[in-house]
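The structure appears right after this line, and notes come after that.
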Amino acid sequence: MTTTLNRTLNDSSEDKINTEERIKIRDIEIVDVIVMSGSAVSALALSYFFFQILLPVSGVLGFLVCWYVFFNIISTVAVWELRGAVKAKDHLARTFIWTGGMAAVVPLILVLVYVIGKGYHSLRPQFFTQDQKFVGALSDSTEGGGAHAIIGTLQQVGLASLISVPLGITTAVYLNEVNGRLAKPLRIIIDAMSAVPSIVAGLFIYAAWILALGNQQNGLAGSLALAVLFLPTVTRTSEVVLRLVPGGLREASLALGGTEWRTTSRVVLPTARSGLVTAVILGVARVIGETAPLILTVGGAFVMNANPFSGKQDSLPYFVFRLIRFPQEAQVQRAWTGAFVLVILVLVLFIIARAIGGRGPDHISRSKKRRLQRKGLA
Amino acid sequence: MSSDIALLDPGHKAAGLTATNVSCWFGTKKVLEGVNLDMAPGQVTALIGPSGCGKSTFLRTLNRMHELVPSATLAGEILIDGVDIYRGAIPVTDVRRRIGMVFQKPNPFPAMTVAENVVAGLKLSGMKVTRAERDHLIESCLTKAGLWNEVKNRLGDPGRALSGGQQQRLCIARSLAVSPQVLLMDEPCSALDPTSTRRIEQTISEISETVTVVIVTHNMQQAQRVSHRCAFFLAAENEPGRIIEEGATREIFSNPVDPRTNDYVNGRFG
Amino acid sequence: MSENILSEGTPVTSTSDVLTPVVRRSRADQIFRGIATTASVTTFILMGLIGTFLLVKGYDALRVAGWSFLTESAWAPDQGGAFGVAAMLPYTVQIALVALVIAVPVALCTALFITEYAPRKLRRILTAMIDLLAAVPSLIYGLWGLFYLQPRLITLSKWMADHLGWVPFFTVDDQYGTSLGLFPSSTFVAGVVVSLMVIPICTVVMREVFSQAPAGEREGAMALGGTRWGVVRDVVLPFGRGGIIGGSMLGLGRAMGETIAVTLIISPSFDAKWSILDQGSNSIAALIALKFSESSTFGISALMAAGLVLFVITLIVNAAASTVVSKSRSGASTEI
Ligand SMILES: Nc1ncnc2c1ncn2[C@@H]1O[C@H](COP(=O)(O)OP(=O)(O)OP(=O)(O)O)[C@@H](O)[C@H]1O
Ligand SMILES: [Mg+2]
């Protein structure tokens, strides 16, 4: 995320139209290409031989692993022969690092594709309008819906944001702009807090809010648990964003006779605006899928309860978590539908966050333009 | 003694600054020692000297920007029109409003348009103006900074959409909009081309009647062109910087008293 | 310069008479500071409250169990039986370690790839992917792990048990030989799934530290004709050591606290064992999630105590990690 934020502040590169031909700077030379493709082909042959004839294992994955290992051995030896040991090590390191980089991405794609593939076909429009009141374990998987869970999630996450976002950004402002005596211990506390396991956050709210203060399990309790998880995230990311605001701007504002408050509210926060919005949305995307703390706090329900302040509520992740463990095929399928909606929700939030994060601080929105025109400043 | 100078008073006067026995530290490292300098009202004072001798540090003590660096401390006394700026007679925000500053690198506020940038100081120091006054202020400040003709049709663009030289003049206009009595400039032209530099020097000459200007520059020609008085700073190795010589610019450049000054202004060291 | 107007009571005796600038803040600024400070204090208190409440509510159970809470491996507080975390704790650590063994190398490669190797466009995409990896809910990973990964992974488990059985962790004793049915719901499967959640955490920290490796040294190494790997080995990795260690520890903290994915995958076992491949595992977080709904007041008190143990452990791990990371980060500097 930091790169997004970075970009918001240093983004002024314009693409110029150029007709001259540029020198192409190649990292890879022709010899390399020949060595690589040669190695790939011979490794393929070798692994075919081994795989089919010698090893009694099967499966595409095993074959690919085999191929990969052979490829590395052959190509490294080839580079060694042609270019010497230093280059060979460089080559080997490069392949490993490329592989490692890809290894992080492959499962992500697998996960998304799998969940989407599992979930989309039972999704009907009524998923967004109905609850599970008239649905039994044996009803068809397309019947009923998750509206109660979606409403619950939106309310809980909304309430949690209402608590955490102002508190978190204000704390970040304290850390970065006021920089008072508490700043140092506070940073440590925030770091520690961001390590609180989500289940512990739920346990804490259960202990403090429900057991000690005598409240019931409801949407609010859930949102408090989410807030505990959300707060450190917002604070940390906002602090990073505020730190990226060049100190020169603060000095310029102070040099104009600006007070601390006005410097923060009129210069620092507006400059960091898109970064802050990104931070908040990414934070929302993270808590929206939290399941563990809600198991302890919201209670769960199969029917619509649009009042987060009283009565048990459901939430989308909890809905999925409960249904997936049913033995009936239809219930499991309903859970997949819920998971699909959840993933789409997270993806949409993520894309919005990145789109906003890509804007520079000098982006003038349409509403701002209108406001400026009204004031005669444009 | 309070700061009851009518805000935006059109007849406000340039103020004199007097620094007496100013020393500065960063942590335990002393970077400036016993600086005495009188910056007379309505005059342009140039601070010259090799890199690292404490010119910027001194300049920043003059409007209390020095104390923003966490480890920074200072000693001595700085008076504006006879009133101490450090011991609470004037609120620090008023000190900074009355003693404006233009930085080495142009730093218009990125989240504001050109016009908003000019009047940013009003918002930041909480001054209220009518719309007509504000529009007038925008035009007059941009005119004074020599930028009006170039940007009058682009007032709604983001401040950073201007060129470097234009941005720097925008920053000058921004400083002028709060009617400072003193304007501090730290190498304002070091990032600019000769044309923009000339334009800013012209601006300095024009505003110096109503504003006292203190300018740090590495450009000897510039010091000669714009300043009335000149102070030469020098720091020996591992020692704090001091003023070696100060006086009328003509004197400093034509027959300096100290041989080190002579060497420096003639480009023989530093 | 002749008229030195000295304010009363400030004799200028020596130049080292350090001045304390007087700052009188405006009303608005005082309020501003007040609000910001209040918010911070609230955050402070909140953190303290978490530990306090877990302790208060877990006290009943802790008093009954005493030190045996850390040595007892059964969990039967509601039946009046003994209970403790002695089984869960090793399992929790095992799962976390499996996750780290996979995640750290992958994260290291990814971070190096992003900072050193990737073409610019790919770098942007990959950074976004890593952010997305962190944004996907652990529930989703759990589902995928349970339904997609596990059936495929147990083939590997079996292969490891058959061929690498001499490694203590991979030993599966079964007098009838190994069959695929032995391997689902194991520590290993849970650890692999958790590693997906740890990768982005480690990567982000490592990437940040690597990107701060001094450009001068980096270019210096290049200019001497060093290969890219040479630069990485001699400049980037030594510089980023703190980030690698700290990032891994942050990942460890996250892995030990992971709840829902583990809950979905494991089948609870209350006997600690060395082997990670065969069925049966546990974790404190999963225990809380699984037992919560069926526990009485005392049972919940016992869960609170377990939560407290988890809380304290993750706190220590994380505090250590933050110290290591922050030491290797360079501070911001003011430019004059
Ligand atoms: N934030 C700081 N922390 C510690 N030392 C500093 C800091 N800023 C400046 N210094 C030191 O104070 C001394 C004076 O610095 P200053 O910036 O005032 O020099 P200068 O005359 O403006 O130089 P230049 O012409 O290069 O701008 C230098 O030795 C510098 O290293
Ligand atoms: Mg300087």
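For the options A:Asn176, A:Asn72, A:Asn215, a Gaussian network treatment of chain A with springs between C-alpha atoms closer than 10 Å singles out A:Asn72 as fluctuating the most. Amide H contacts of B:Leu184: B:Gly100, B:Met101, B:Val102, B:Val214, each under 5 Å away and 5 or more positions distant or on a separate chain (H built 1.01 Å from N in the peptide plane; Pro and chain starts excluded).
Tell me, what is the FRET efficiency for B:Asn219 and C:Val23 to the nearest 0.05, using R0 = 35 angstrom and their Cβ-Cβ distance as r?
Efficiency at R0 = 35 Å is approximately 0.50.
Here's the picture: charge each Lys and Arg Cβ at +1 and each Asp and Glu Cβ at -1 in the protein assembly as shown, and of A:Leu316, C:Val312, B:Ile80 the one pushed furthest to the positive end of that dipole is A:Leu316.
Just to make sure I understand: if all protein chains stay in place, what is the order of A:Asp191, A:Asp140, B:Asp84 by accessible area at 1.4 Å, largest first?
A:Asp140, A:Asp191, B:Asp84
In loop segments of region B:69-147 as defined by DSSP, the trypsin sites (Lys or Arg not before Pro) with at most 12 further C-beta atoms inside 10 Å of their C-beta are B:Lys128. Counting only protein heavy atoms and using a 1.4 Å probe, the accessible area of B:Glu187 comes to about 30 Å².
Any idea what the relative contact order of region B:17-265 is, in percent, if you count C-alpha pairs under 8 Å spaced at least 6 apart?
27 percent
At the residue level, A:Lys375 shows approximately 80 square angstrom of accessible surface with a 1.4 angstrom probe and all protein chains present. The 1.4 Å probe gives accessible areas that order A:Trp67, C:Trp75, largest first, as A:Trp67, C:Trp75. The stretch between C:Arg241 and C:Lys121 holds 40.5 nm of extra length on full extension. This uses 0.36 nm per residue minus the Cα-Cα distance. Take every DSSP beta bridge whose two residues both sit in region B:17-265; close to 60 percent of them are antiparallel.
If you sort B:Arg160, B:Arg64, A:Arg354 by accessible surface, 1.4 Å probe, largest first, the order is B:Arg160, A:Arg354, B:Arg64.
The distance between label points at A:Glu29 and B:Arg131 comes to 7.0 nm (points 7 Å beyond Cα on the Cα→Cβ vector).
The listed peptides C:166-172, B:177-183, ordered by packing as a protection proxy, come out as B:177-183, C:166-172 (highest mean of other Cβ atoms within 10 Å first).
In order along region A:224-239, the Karplus-derived 3J(HN,Hα) couplings, from 6.51 cos²θ - 1.76 cosθ + 1.60 at θ = phi - 60°, round to 5, 4, 5, 4, 4, 7, 6, 3, x, 4, 4, 4, 5, 5, 5, 5 Hz, and Gly and Pro are given as x.
Applying 1/(1 + (r/R0)^6) with r as the Cβ-Cβ distance of A:Ser139 and C:Ser267 and R0 = 41 angstrom yields a FRET efficiency of 0.90. Placing +1 on the Cβ of every Lys and Arg and -1 on the Cβ of every Asp and Glu, with no other charges, gives chain C a dipole of roughly 700 debye about its Cα centre. In a DSSP loop and with at most 13 other Cβ atoms within 10 Å, the trypsin sites (Lys or Arg not before Pro) in region A:95-201 are A:Lys133, A:Arg181. From most to least packed by mean Cβ count within 10 Å, the peptides C:201-207, A:278-284, B:35-41, B:194-200 give C:201-207, A:278-284, B:35-41, B:194-200. Taking amide H as placed 1.01 Å from N in the peptide plane, B:Val31 has its amide H under 5 Å from the amide H of B:Cys24, B:Trp25, B:Phe26, each at least 5 places away in sequence or on another chain. Structural size metrics of chain A, computed from C-alpha coordinates, are Rg and Dmax of 27.3, 82 Å. Between amide H atoms placed 1.01 Å from N, distances below 5 Å from B:Ile244 occur with B:Phe232, B:Phe233, B:Leu234, all of them 5 or more places distant or on a separate chain. For a straight C-alpha distance cut-off of 17 angstrom, the lysines reachable from A:Lys184 (same-chain residues fewer than eight places away being disregarded) are C:Lys327.
Straightening the chain between C:Arg233 and C:Ile35 buys 66.5 nm, computed as 0.36 nm per residue apart minus the Cα-Cα spacing. Placing dummy labels 7 Å off each Cα toward the beta-carbon, the span from A:Val69 to B:Ser254 is 9.0 nm. Taking a straight line from the alpha carbon of C:Lys158, these aspartates and glutamates sit under 15 Å away, with near neighbours fewer than eight places off in the same chain left out: C:Asp173, C:Asp174, C:Asp278. For the segment A:285-298, counting C-beta atoms of other chains within 10 Å of every residue's C-beta and taking the mean gives 5.
When chain B is treated as a Gaussian network with alpha carbon springs shorter than 10 Å, the biggest mean-square fluctuation among B:Gly121, B:Gly164, B:Gly27 belongs to B:Gly27. Once B binds C, the 1.4 Å probe can no longer reach about 2100 Å² of accessible area, counting both sides.
The label-point distance for A:Lys375 and A:Glu81, in a model that sets each label 7 Å from Cα toward Cβ, rounds to 7.3 nm.
The protein assembly as shown gives an Rg/Rh value of 1.04, both radii derived from C-alpha positions and Rh following Kirkwood. Here region C:219-233 is scanned for amide nitrogen atoms under 16 Å from the site 7 Å beyond the Cα of A:Thr95 along Cα-to-Cβ, giving C:229. When the listed pairs A:Lys312/C:Lys291; A:Lys369/C:Lys121; B:Lys55/B:Lys105; B:Lys55/B:Lys144; A:Lys369/B:Lys152 are checked against a 22 Å cut-off, the alpha-carbon distance exceeds it for A:Lys369/C:Lys121; B:Lys55/B:Lys144. Against chain C, whose longest principal axis comes from its Cα atoms, helix C:297-328 is set at around 50 degrees. Quick one: helix C:150-163 against the long Cα principal axis of chain C, what's the angle to the nearest 10°, folded into 0 to 90? Taking Cα atoms only, the helix is inclined about 80 degrees. Looking only at the protein assembly as shown, where both bridge partners belong to it, what percent of the DSSP beta bridges are antiparallel (to the nearest 5)? The answer is about 60 percent antiparallel. From its DSSP helices (H runs of at least four residues, each -39,500 (n - 2.57)), chain A gives a residue-normalised ellipticity at 222 nm of -21000 deg cm²/dmol.
Across peptide A:210-223, the average count of Cβ atoms from other chains found within 10 Å of a residue's Cβ is 1. Only protein heavy atoms count here; on that basis, with a 1.4 Å probe, C:Met256 has an accessible area of about 10 Å². Our compactness index for chain B, the C-alpha radius of gyration over the empirical 2.2 N^0.38 Å, is 0.99.
The values are calculated or read from the model by the stated rules, or taken from the named source; none is laboratory data. Note that the coordinates shown come from a computational prediction; the quantities given were computed from them, not determined experimentally. A quick note on method: Cβ atoms are made from the backbone with ideal geometry, for glycine too, and the neighbour counts reach across all protein chains shown. The area values use the complete protein model at the heavy-atom level, side chains included, leaving out ligands, DNA and RNA. Shrake-Rupley method; radii C 1.70, N 1.55, O 1.52, S 1.80 Å.
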